[in-house]
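Asker: Dropping the structure in here first, questions after.
The values are calculated or read from the model by the stated rules, or taken from the named source; none is laboratory data. What you see is a predicted model, and the numbers here were worked out from it, not measured in a lab. Here the Cβ positions follow ideal geometry from the backbone for every residue, glycine too, while neighbour counts run over all protein chains shown.
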Amino acid sequence: MRLPRSVETAAVDARTVLVRSDLNVPLEDGRVADDTRIRASLPTIRLLLDRGARQVRVCSHLGRPKGRDEKYAMAPVRSRLLELLGDGRVTVLENTRFDEGETKNDERFARELADGCDLFVNDAFGSAHRAHASTVGVARLLPAYAGLLLLEELRNLGRLLGDVERPFAIVSGGAKVEDKIGVLENLGSRADDVLIGGKMAEDVRAENPFSFEAVLPKDVVAASAFDAEAETQVTPFEALPDGWLGLDIGPETRADFARRIGGARTVFWNGPMGVFEWPRFAEGTFAVARALAANGGFTVVGGGDSVRAVHDAGVADRISWISTGGGASLELLEGKELPGVAAIPDE
């Protein structure tokens, strides 16, 4: 996989650097509810400060506002970032999506962002699949480099696209099979096992859209579609009663999936096995998380729900790589070129 030139090679002493970070974090009551992405942005910013940058201007989007909306103002994010850094040379700009020129990759807005800066560092892998002013436009105006997080994402996800250590297993779940067709077709044809749970397993059972045979659940934990709070029952996947929904994989499937994951040397997981936000339907998703954590090979987790699951299961520190990318991860693994990466020259 092509790697763009690294911030580690940039001359930054006494220069002003514009950094595109991914600070799109959840807020609750005007405060940062989860600062994982903020912390992930720190190594690149600290590197620039340690190497003598005069000023570091950090920009990011937050949420999906349609124009200026104070609910998505960067103030809480700015406060948390500066609290963690404690360096007066760092400035956090306002939400890039407050300007309509951001999503249009408008040169006028790109020039506003670049004004007064000597170089640009893109560290926002989670936005690298968007051709926006803050990811692509400024890279055409300033010498551009890849940040440390962006490079680590490319290196780790890129390992899944190369000659992987086998057996290679993919675990996929969630609600919509159409969201995963591209990446599963690209990776699944090379995998030894493709394990599918969640709502998408029912779609694949009804009509398999893939060129390979996936491993579907043997049993599911089901509840009435008309009263999800009612008593649940474990039922064979192929014999799900009318009017019932499979909301988690069952005990037999958990054991089967765990065995297959345990025997693999490379594993990629994207998508929960059911409605794990409800404790009584969480065990299947957590069983997958624990199986990945116990695997001694190379394990990658991507997608917001799967990332949350490994944290909720208390095993995040035992996963080889947890991607911050979301849609960017899937597009990269689908084989697509990411505009935010393509805009940065090679070494």
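Asker: Yes or no: residue 41 at pLDDT 95 or above and more than 20 Å from the chain's Cα centre (by Cα)?
Answerer: It is false that residue 41 is at pLDDT 95 or above and more than 20 Å from the chain's Cα centre (by Cα).
Asker: What are the residues in the stretch 165-183 that are surrounded by fewer than 21 Cβ atoms within 10 Å (Cβ to Cβ) and modelled with pLDDT of 95 or more, if any?
Answerer: If the condition is that a residue be surrounded by fewer than 21 Cβ atoms within 10 Å (Cβ to Cβ) and modelled with pLDDT of 95 or more, then 165, 166, 167 are the ones that fit.
Asker: Quick one: what pairs do we get from the stretch 308-335, first residue over 19 Å from residue 289 (Cα atoms) and among the aromatic types (Phe, Trp, Tyr), second surrounded by fewer than 17 Cβ atoms within 10 Å (Cβ to Cβ) and modelled with pLDDT of 95 or more, C-beta under 6 Å, 6+ apart or different chains?
Answerer: none
Asker: What residue, among those in the stretch 89-147 that are among the hydroxyl-bearing types (Ser, Thr, Tyr) and out of contact with any helix residue (DSSP H, G or I) (no Cβ under 6 Å at 6 or more places or on another chain), is surrounded by the most Cβ atoms within 10 Å (Cβ to Cβ)? It would help to see each step written out before you state the result.
Answerer: Looking only at the stretch 89-147, we keep the residues that are among the hydroxyl-bearing types (Ser, Thr, Tyr), and these are 91, 96, 103, 127, 134-135, 145.
In the following step, the residues that additionally are out of contact with any helix residue (DSSP H, G or I) (no Cβ under 6 Å at 6 or more places or on another chain) were identified as 91, 103.
Details: 91: 13, 103: 17.
Among those that are among the hydroxyl-bearing types (Ser, Thr, Tyr) and out of contact with any helix residue (DSSP H, G or I) (no Cβ under 6 Å at 6 or more places or on another chain), it is 103.
Asker: Here is a further query. Condition check: hydroxyl-bearing (Ser, Thr, Tyr) and part of a loop (DSSP other than H, G, I, E, B). Does residue 91 satisfy that?
Answerer: No.
Asker: Another one. Being small (Gly, Ala, Ser) and touching a Gly at 6+ places or on another chain (Cβ under 9 Å) narrows it down to one of 188, 158, 137, so name that one.
Answerer: On the way: 188 fails: touching a Gly at 6+ places or on another chain (Cβ under 9 Å); 158 fails: touching a Gly at 6+ places or on another chain (Cβ under 9 Å).
Residue meeting the stated conditions: 137.
Asker: Please work out which residue is surrounded by the fewest Cβ atoms within 10 Å (Cβ to Cβ), limiting yourself to the stretch 254-278 and to residues that are among the aliphatic types (A, V, I, L, M) and outside any loop (DSSP other than H, G, I, E, B).
Answerer: In this case the residue turns out to be 255.
Asker: Next question, about the same structure. Of the numbered conditions (1) buried (at least 21 other Cβ atoms within 10 Å of the Cβ); (2) under 16 Å from residue 198 (Cα atoms), residue 283 fails exactly one; give the number of that condition.
Answerer: (1)
Asker: Residues that are in the same structural domain as residue 115 (by TED's automatic domain parsing): list the strands (runs of 3 or more DSSP E) wholly contained in the stretch 135-248 that include at least 1 such residues. Steps first, please.
Answerer: Numbers: elements: 144-146, 168-172, 193-196, 219-224, 233-236.
Of the strands (runs of 3 or more DSSP E) lying wholly inside the stretch 135-248, those with at least 1 residues that are in the same structural domain as residue 115 (by TED's automatic domain parsing) span 144-146.
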